[in-house]
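Student: Input: one structure, supplied below.
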Amino acid sequence: MRSPIPYGRQSIGERDISSVVEVLRSALLTSGPKVEEFEGRLAALVGAKHAVAVNSATAALHLAMRVAGVGAGDRVVTSPNTFLASANAAAYTGATPDFSDVDPVAHNLDPEALRATWRSDTKAVVAVDFAGQPCAMPALARVARDRGAVVIEDASHALGGGFNHDGRSWNVGGHPWADATVFSFHPVKTITTGEGGMFVTDRKDWADAARRLRSHGVDRAVFSGLGEDEDAGMAERGPWYYEMQELGYNYRLPDVLCALGLSQLDQLAGFISRRREIVARYNEGLKEIRGVDLPGLLDRANRDLISWHLYVLQIDFEAVGKTRTEVMAALRSRGVGTQVHYIPVHLQPWYRRTYGYRVGKCPAAEAFYRRALSLPLFPAMTDQEVSHVIGAFHEVIGTATR
Ligand SMILES: *Cc1c(COP(=O)(O)O)cnc(C)c1O
């Protein structure tokens, strides 16, 4: 049997390959000219003042926590309907990751739920743009900022997307309702560098701090001296000299991968429009199936601005008369790979053990999880493949209309 159509995969062309090869032949494999070029191009694209390239979105989220001063004794609230990293980044700092429930349409953090469950030790909110649909950022920012917390947008799904507010459109990463935004370049995401991420902000102090922490807390422009050891023959500061001002990491994104990122960025508009076309075909081909709900829009005005990362159906498996495992197996035997996004993070064993979280904490996210199934969505899918997925889905679920 041919391997099934995966739920997501990268698009790598000859131009991507030659741009990587070019850097492989150059002198600098890591901190070279492509890093700043990639940062500058991405910042300009989303309309942000600063962008700091790092080796994953997880690293970018960790840096966001660090520059926001999040640490032990603080609480960081995120969506339970996300990948582990959105919450883990807070735990790395010693803060307590916490979860607020999602809305029933976009399955993003619900501003009303956030307000109702607010706790005074909350220092940051990590808003996740699930499936590419932007959160209600102005409303979330209002709840968080009125209470003295910062807003970090986990836009790992949403590069190139935007939303309408107050009569104009705003880019993800380029609007005033997030203090910093992170993107992921993992192979299933909108563009890829193999592994990689970007930390984006308008705050110069945060960008400088993120750059320093990306490379072991060393800032080649800041020397505070070695204190009394200066007198012990340690004062000479030649070209070798550097100082570590705080505890940082190696979160650098190599020049080789920034070259790939640049070449992928050239193709971003095409990737997004192909994803939108596939979503439109799915919406048409899968409408009005009993027990199946299509992805919802929080605001219809945003329809043409969303950069779709996932196509997640809500399926009433009881009404359909099959378990999710049976549906996935039947689709797989017809050459269609599927996935489930996401197991609510608060129900992961480590989160239960460490923080005592239980089923019932976020009922909307839990209900969403029970019914969720992601169909294949990636730009290289052909129209025949999309039609094949639709046909296979009808065969497996049954075509009785409601
Ligand atoms: C993929 C993803 C991440 C982590 O990205 P990496 O680049 O793999 O670290 C974080 N948050 C969300 C919502 C993601 O989908």
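Student: Can you classify the stretch 76-190 as rounded, prolate or oblate using the Cα gyration tensor, where a ≥ b ≥ c are the square roots of its eigenvalues, rounded means a/c under 1.5, and otherwise it's prolate if a/b beats b/c and oblate if not? Present the calculation step by step, with values, prior to reporting the outcome.
Tutor: Details: a/c = 1.57, a/b = 1.15, b/c = 1.37.
Verdict is oblate for the stretch 76-190.
Student: Find the Cα radius of gyration of the chain, compare it with 2.2 N^0.38 Å by division, and give the number to two decimals. Walk me through the intermediate numbers first.
Tutor: Numbers: Rg = 22.5 Å, N = 402, 2.2 N^0.38 = 21.5 Å.
Working it through for the chain, the quotient is 1.05.
Student: Another one. Looking at the stretch 72-144, send over the antiparallel percent of its DSSP beta bridges, to the nearest 5. Mind showing how you got there, number by number?
Tutor: Numbers: 1 of 9 bridges.
Antiparallel: roughly 10 percent of the beta bridges in the stretch 72-144.
Student: At 222 nm, what helix-only mean residue ellipticity would the chain give, in deg cm²/dmol to the nearest 500, using -39500 (n - 2.57) for each DSSP H run of four or more? Kindly include the intermediate steps, with their values, before the conclusion.
Tutor: On the way: 14 runs with 145 residues, N = 402.
That comes out to -10500 deg cm²/dmol.
Student: Would you kindly state how much longer the chain becomes between Ser18 and Ala72 on full extension, computed as 0.36 nm times their sequence separation minus their alpha carbon distance, in nm to one decimal? Display every interim value, and only then the final one.
Tutor: Values: separation 54, 0.36 × 54 = 19.44 nm, distance 4.59 nm.
Roughly 14.8 nm would be gained on extension.
Student: Continuing with the same structure: Would you kindly state the longest site-free stretch of the chain, with sites defined as chymotrypsin sites (Phe, Trp or Tyr not before Pro) in a DSSP loop (not H, G, I, E, B) surrounded by at most 10 other Cβ atoms within 10 Å? Don't skip to the answer; put the middle values down first.
Tutor: On the way: sites that count: Trp240, Tyr241.
Within the chain, the longest run free of exposed chymotrypsin sites (Phe, Trp or Tyr not before Pro) spans 1-239.
Student: A further question on this structure: Suppose we keep just the DSSP beta bridges with both residues in the chain; what percent of those would be antiparallel, to 5? Spell out each step's value before the answer.
Tutor: Values: 24 of 41 bridges.
In the chain, DSSP labels about 60 percent of beta bridges as antiparallel.
Student: Test of understanding: in a Gaussian network model of the chain with alpha carbons linked when under 10 Å, which of Gly261, Gly335, Gly132 would top the mean-square fluctuation ranking?
Tutor: Comparing Gly261, Gly335, Gly132 in a Gaussian network model of the chain, the most mobile one is Gly335.
Student: For the chain, modelled as a GNM with alpha-carbon contacts under 10 angstrom, which of Ala90, Ala235, Ala364 fluctuates the most?
Tutor: Among Ala90, Ala235, Ala364, the largest mean-square fluctuation in the Gaussian network model of the chain belongs to Ala235.
Student: Which residue fluctuates most in the GNM of the chain (Cα springs below 10 Å): Ile306, Ile289, Ile343?
Tutor: Result: Ile289 has the largest fluctuation of those listed.
Student: I would also like to ask the following. List every DSSP H helix in the chain whose Cα atoms extend 24 Å or more along the helix's own long axis and whose mean Kyte-Doolittle hydropathy is at least 0.0. Working shown, then result.
Tutor: On the way: long enough: 268-285 (26 Å, -0.44).
Helix filter hits for the chain: none.
Student: Right, here's the next one. For the stretch 268-397, what does the relative contact order come out to in percent, with C-alpha contacts under 8 Å and a separation of six or more?
Tutor: Details: 135 pairs, mean separation 43.3, N = 130.
This gives 33 percent for the stretch 268-397.
Student: Mean separation of Cα pairs under 8 Å and 6+ residues apart, divided by the residue count of the chain: what relative contact order is that in percent? Before the final figure, lay out each step's value.
Tutor: Values: 818 pairs, mean separation 90.0, N = 402.
For the chain, the relative contact order is 22 percent.
Student: Would you mind checking which residues have amide H under 5 Å from Thr122's amide H? H placed 1.01 Å from N; only 5 or more apart, or other chain.
Tutor: Amide H to amide H, under 5 Å and 5 or more residues apart or across chains, Thr122 pairs with Arg75.
Student: Still on this structure, please answer the following. List every residue whose amide H lies under 5 Å from the amide H of His165, counting only residues 5 or more places away in sequence or on a different chain, with H placed 1.01 Å from N in the peptide plane.
Tutor: Trp170
A short reminder: the numbers here are calculations on the coordinates, not readings from a lab. Just so it is clear, the structure is predicted and the values come from calculations on it, not from any experiment. So basically every Cβ, Gly included, is an ideal-geometry build from the backbone, and we count neighbours across all protein chains shown.
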